[in-house]
Amino acid sequence: MVPKKFVFMRFKDKIALITGGTRGIGAALGMRFLREGAQIVVTYAEDKDQAQKFQDEVAGAKGQVHQADASDFDQMKALFDQILTQFGRLDILVNNAGIRRDNLVMFMSDSEWHDVLRVNLQATFICSKLALKPMIAQRWGRVINLVSPSSILGREGQANYAAAKGGVASFTKSLAREVGKIGITVNAVSPGVIDTDMTRSLPAKTLTELKQSIPLGHFGQPDDVCGMVLFLASEEASYITGQIICVDGGLT
Ligand code: NAD
């Protein structure tokens, strides 16, 4: 956890939406945005118990938790409408929802391919598109996307995930060019191997190999990713856009 001396109130009066935010990196982000004064709205896909725990233990009065599939336009449109009705604005969007369905290409099913592209890439398009309307009206906004070292280095068994995250990286750069003059920045953060449910399910041999290839010699914690995401969401980062920033212990 971050020492108190590093806690500021950079997001007082800001509304932040974090997709896939009830566990792992998204939950750590939610906590950090809350601590710095933001009103947060987080979404999740399926795990109702985890969502309830997040609502009870973390979200409190300044946080809302909604079940909404980030890759479903109608569900996300309904949520954005609700946010705009209630708060009248949306300042920060973190496209964090993501899944892995690893397999070698020769064995990969159509659903393993499509599901991973849908949740990682298409959801980023849908949520970003919906966020632009209020952000353009405000002439201020921050979109931050989560990508991966797999999209930079490639990784056997992750062609679908690498392709999706590579797509998100290219999407980030293109959208940054489209909306920069309106006061909206669009950046991506590429975490290395972070200790979450997503990585705990990797084979032990893969985890050992990965650890050996990290110059800092250990996996990251969700909190390690937060500093960069919050910085990119803040006023301090107002002259940074279209960037893919690695927070990966030197992995890439
Ligand atoms: P995680 O599996 O712990 O959490 C993912 C979250 O996404 C969960 O809350 C889940 O409910 C949600 N989610 C999944 N599908 C969804 C959908 N269709 N709609 C809404 N929410 C959905 O993962 P994490 O490790 O915290 O990863 C967060 C992000 O960071 C992901 O985009 C992931 O690809 C990326 N990332 C993670 C690592 C890592 O090492 N953990 C490394 C690089 C990138």
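No lab work stands behind these numbers, since they all come straight from the coordinates. Bear in mind the structure is a predicted one, so any value in this text is a computation, not a measurement. Positions of Cβ are backbone-derived with ideal geometry, glycine not excepted, and every protein chain shown enters the neighbour counts.
Things to note:
- Overall dimensions of segment 27-67, expressed as equivalent-ellipsoid semi-axes from the Cα gyration tensor (√(5λ), whole Å, largest first), are 17, 9, 8.
- In whole percents, the pair-distance distribution calculated for segment 117-252 from its alpha-carbon pairs, binned every 5 Å from zero, is 2, 10, 19, 22, 19, 13, 8, 5, 2, 0.
- Derived value for segment 1-105: Kirkwood hydrodynamic radius 14.3 Å. Basis is the mean of 1/r over every pair of different alpha-carbon atoms.
- Distance between the modelled labels on S234 and H114, one decimal in nanometres: 4.4 nm (7 Å Cα→Cβ projection).
- Neighbourhood net charge (9 Å Cβ-Cβ; Lys/Arg +1, Asp/Glu -1) for P134: +1
- Charge tally in the Cβ shell below 12 Å around I99, where Lys, Arg are +1 and Asp, Glu are -1, I99 excluded: -2
- T124 sits among other residues whose Cβ lies under 11 Å from its own Cβ, and their net charge, with Lys and Arg +1 and Asp and Glu -1, is +3.
- Electrostatic dipole magnitude of segment 98-252 [Cβ: Lys, Arg +1; Asp, Glu -1; Cα centre; debye, to 20]: 520 debye
- One Cα centroid belongs to segment 12-78, the other to segment 217-252; the line between them spans 20 Å.
- Percentage of interatomic Cα-Cα distances in the chain larger than 29 Å: 25 percent
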